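> The structure's right below; bear with me while I get my questions together.
The values are calculated or read from the model by the stated rules, or taken from the named source; none is laboratory data. Quantities reported herein were computed from a predicted structural model and do not represent experimental measurements. Cβ placement follows ideal geometry from the backbone for every residue including glycine, while neighbour counts extend to all protein chains displayed.
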Amino acid sequence: MATAFLFPGQGSQFVGMGRDLYEREPAAQALFDEADERLGFRLSQICFEGPEEQLTDTAVQQPALFTTSLAAWTVIQQRGAADAAFMAGHSLGEFSALAAAGALSFAAGLALVRRRGELMKLAGERSPGGMAAILGLDAEPVAELCARAATETGRFVGVANDNCPGQIVISGHEEALAAAMELVTDAGARKVVRLPISIAAHTPLMGSVAEEFAAAVDAAPLSAARMPVVANVTARPVQTPDDIRAELKAQLTSPVAWTDTVRYMAGLGVDTYVETGPGDVLLGLVKRIDRGAQRVKFEL
């Protein structure tokens, strides 16, 4: 039996996340306390008590998810249940996976995701856009319809997340996004849902901050990962610092290939997936990709 640990991204947060872990596990408490000290504000209080509007601010949300996921991972390690064939994280979760695999220290990872959140927020102000979930169509036809909408409007829209068969997230300029939503509806999508997100993540619209983010990635101290982390962009493992830096830079403006990520791990014998962090979104996606796999939620 081979196990992969999965780390969630934005959208999995909820007010109260990590509180029970903080109260019962000294190692988790120490990590939240360190985050508070390093960030200079009470991240733990926002995680535990909200308000929700503050927790969903991308510059807060990213370090909040990173800290909660790493607190869970620290407890898993203490329990001696951290034997993994692979790790993977969805979008922001990739940073948690890399830290869990030893490529990033907690301090370095926290600083990097805080900067990423700030820059993505800035990119959304410079190049406003949005995202929408498309249910009932697969990635290839959705990508073709997005290309058509982009041609018609002269603005970018494209696939941001290939989450699982029948669940695709698209992202782009407002005008192009609206056109694409109309096209996929006409093409028979079961449901089209505009997401409450004011940025066009994982698209060229993030390019306005790519240089600044690349500088932050280059400045971050990285080590070789102790175990392979399957990358969002290529759906193949990265372990060396050079490969990790290239992945993190590319990930900012590239789609998340989650379906291929899970299929890659399944093809190499992974039959158990443990979601390590708030929520169970990723286990729901795994169910659609690898139906026979065992899915385990680490309770916060």
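> I'd like to know if segment 65-81 contains one or more residues that are modelled with pLDDT under 95 and either basic (Lys, Arg) or not assigned by TED's automatic domain parsing to the domain that holds residue 118 (or both).
Checking segment 65-81: at least one residue is modelled with pLDDT under 95 and either basic (Lys, Arg) or not assigned by TED's automatic domain parsing to the domain that holds residue 118 (or both).
> Being over 23 Å from residue 93 (Cα atoms) and touching a helix residue (DSSP H, G or I) at 6+ places or on another chain (Cβ under 8 Å) is the filter here; which residues of segment 114-139 pass it?
126, 127, 128, 137
> Further, regarding this structure: Which of the residues belonging to segment 254-278 are more than 24 Å from residue 203 (Cβ to Cβ) and either touching a Pro at 6+ places or on another chain (Cβ under 6 Å) or among the aromatic types (Phe, Trp, Tyr) (or both)?
At the first step, the residues of segment 254-278 found to be more than 24 Å from residue 203 (Cβ to Cβ) are 265-278.
Across segment 254-278, the qualifying residues are 273, 277.
> Could you please give the count of residues in segment 199-244 that are farther than 22 Å from residue 162 by Cβ and in contact with a strand residue (DSSP E or B) (Cβ under 9 Å, 6 or more places away or on another chain)? Full working, then the answer.
Restricting attention to segment 199-244, the residues satisfying the condition of being farther than 22 Å from residue 162 by Cβ are 208-209, 211-227, 239-242.
Then drop every residue that is not in contact with a strand residue (DSSP E or B) (Cβ under 9 Å, 6 or more places away or on another chain), which leaves 225, 227, 239.
Total satisfying the criteria: 3.
> Also, quick follow-up: Given the criteria within 21 Å of residue 255 (Cβ to Cβ) and either touching a residue at least 60 places away in the same chain (Cβ under 8 Å) or of a type in the set (Ser, Thr, Tyr) (or both), does residue 126 qualify? Write out each step before concluding.
Working: within 21 Å of residue 255 (Cβ to Cβ): yes; either touching a residue at least 60 places away in the same chain (Cβ under 8 Å) or of a type in the set (Ser, Thr, Tyr) (or both): yes.
Yes, satisfied.
> Same structure, new question: Within segment 193-212, does at least one residue satisfy the condition of being in contact (Cβ under 8 Å) with a residue 12 or more places away in the chain, closer than 28 Å to residue 292 by Cα and touching a helix residue (DSSP H, G or I) at 6+ places or on another chain (Cβ under 6 Å)?
No: segment 193-212 contains no residue that is in contact (Cβ under 8 Å) with a residue 12 or more places away in the chain, closer than 28 Å to residue 292 by Cα and touching a helix residue (DSSP H, G or I) at 6+ places or on another chain (Cβ under 6 Å).
> Those residues that are assigned to a helix (DSSP H, G or I), of a type in the set (A, V, I, L, M, F, W, C) and crowded, with 19+ Cβ neighbours inside 10 Å, I need them from segment 218-249; list them, please. Let's see the steps before the verdict.
Pass one, segment 218-249, residues assigned to a helix (DSSP H, G or I): 218-219, 241-249.
Restricting the remaining residues to those that are of a type in the set (A, V, I, L, M, F, W, C) gives 219, 244, 246, 248.
Correct list: 244, 248.
> Now, a different point. Quick check: is even one residue across segment 196-210 within 14 Å of residue 121 (Cα to Cα), touching a Phe, Trp or Tyr at 6+ places or on another chain (Cβ under 7 Å) and assigned to a helix (DSSP H, G or I)?
Checking segment 196-210: at least one residue is within 14 Å of residue 121 (Cα to Cα), touching a Phe, Trp or Tyr at 6+ places or on another chain (Cβ under 7 Å) and assigned to a helix (DSSP H, G or I).
> Any chance you could count how many residues in segment 153-166 are over 18 Å from residue 205 (Cβ atoms) and either touching a Gly at 6+ places or on another chain (Cβ under 7 Å) or in a helix (DSSP H, G or I) (or both)?
1
> So which pairs qualify, if the first residue must be in segment 241-267 and under 21 Å from residue 224 (Cα atoms), the second must be of a type in the set (S, T, N, Q), the Cβ gap must be under 8 Å, and the two must be at least 6 apart or on different chains?
From segment 241-267, the pairs are 241/223; 247/232; 247/234; 251/91; 251/232; 261/232.
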